[in-house]
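All remarks here apply to the structure that follows.
We did not get these values from a lab; they are worked out from the coordinates using the rules stated. A quick note: this is a predicted structure, and the numbers were derived from the prediction, not measured. All Cβ positions, glycine included, derive from the backbone under ideal geometry; neighbour counts span all protein chains shown.
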Amino acid sequence: MRPARLTVATAAATLVALTAVTGCTEKSGAGDGDRVIKVTATDDACETSRKTVGAGHVELAVENKGSKVTEVYLLFPDDRIVSERENIGAGTRQRLTAEVKAGEYVIACKPGMKGKGIRQALSVTGATTAKRDPALDKAVAEYRRYAQEQADATLPKVKVFTDAIQAGNLAAAQSAYAPSRIGWERTEPVAESFGDIDPLVDTRADGLEPGQKWTGWHRLEKALWQDKRIGAEEKTLAAQLVKDLTDWQKRVGTAEITPTSMANGAKELLDEVATGKVTGEEDRYSHTDLVDFKANVEGAQEAYTLLRSIAQKNDPALVTELDRQFAALNALLDKYRADKVSYDFVSYDKVTEAQRKELSDAVNALAEPLSKLAAAVVK
């Protein structure tokens, strides 16, 4: 899930992990043109250099002049996400490539990574979208099938989890919790693109907005591990989780997916690892963080694999580096499970600080070249 804020405790723990995000920033404004929108974010403003752009590929050149870590989103008017870049450190720059059709959009900056953000309207004109290699259309179609397969496979696993809760079987519910999340974690950027489902099913206690009721996996996780009880409220929440995820399953096929959203989504999954899994914040009660970690990496690698042949033609050196870093991170994760097939990972509270640092470094090493994938596939 997308954390709504970095708490004081989390900030220190994520400092190294966020190097992957801030370390791959742009050092200059070179190359700006009519396809580039400069976005200047501060703690209380979000200024954009253009209010209108032609349909096709567009690049947001973001500079954070504020004192807080920020996020920048390109949104549809109904808050569905076209593309996003999280964890933009104070005093840094990043670039975000997206593909847009004619219509109305919103650019939103979220200082402190919380709230609805400071917003600017963007009009996209013209009826022509970016010209695309047929191989990219094939990649999008295959990724759409993958996302649907993951959603379809998730519901039966969720049912095992929630049936155990309905039966009051604490041990069975604990056992089914982590497996029920794998498909969601692999394709989370697609789910987050809808805007309204992620807050219902995957919000942590420190990510709640004012007045928001806590529902979903992590609320049930707390009941199962910290409170060690299943009451009437937990049974109601379990039924609601099935309902909300069924809604997600039905909507996956309608998601806006482009080659750039696939590439940016792969990077977002690494951001998820950096800000939640490496720190132990995500599954803080069950300590099943490494299951989510592995699923995020798998989802990022699937998107990359589908785009790899196009990236190979445009930037072979980048592909060589991505192949190497994916292999290295997967090999490191394998050290924390009995075999290379199961998801029976070591409990994260048994992973030492030195080991977490090693995992963080491996995430950083992959995140930096992965942030260049979107630009590589639209050259």
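What the table shows:
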read-out: Net length gained if the chain between residue 153 and residue 379 were fully extended (0.36 nm per residue, minus Cα distance); value: 77.9 nm
read-out: Under 16 Å from residue 250, Cα to Cα: aspartates and glutamates that are on another chain or at least 8 residues apart; value: 149, 152, 188, 192, 196, 198
read-out: Equivalent ellipsoid dimensions for segment 36-125 as semi-axes, Å, which come from the Cα gyration tensor, largest first; value: 20, 13, 11
read-out: The chain - share of DSSP beta bridges that are antiparallel (%, nearest 5); value: 75
read-out: Mean separation of Cα contacts under 8 Å (6+ apart) over length of segment 190-312, as relative contact order %; value: 24
read-out: Cα→Cβ-extended label distance, 7 Å offset, between residue 228 and residue 309, nm; value: 5.5
read-out: Label-point gap, in nm, between residue 133 and residue 341 - each point 7 angstrom along Cα→Cβ; value: 3.5
read-out: Long-range Cα-Cα pairs in segment 212-251 (distance over 15 Å), rounded percent; value: 42
read-out: Alpha carbon centroid spacing (whole Å) that separates segment 131-180 from segment 59-91; value: 28
read-out: Modelled FRET efficiency - R0 25 Å, residue 334 with residue 175, Cβ distances, 0.05 increments; value: 0.70
read-out: Computed label-point distance, nm, for sites residue 121 and residue 40 using a 7 Å Cα→Cβ extension; value: 2.2
read-out: Rg to Rh quotient for segment 134-377, alpha carbon positions, Kirkwood Rh; value: 0.97
read-out: Estimated 222 nm signal from helices in the chain, with DSSP H stretches of n ≥ 4 weighted -39500 (n - 2.57), rounded to 500; value: -14500 deg cm²/dmol
read-out: Above-threshold pairs, the threshold being 31 Å between Cα atoms, out of 51/213; 110/222; 277/372; value: 51/213
read-out: Within straight-line cross-link reach of residue 65, aspartates and glutamates at Cα separation under 13 Å, skipping those fewer than 8 residues along the same chain; value: 43, 44, 47
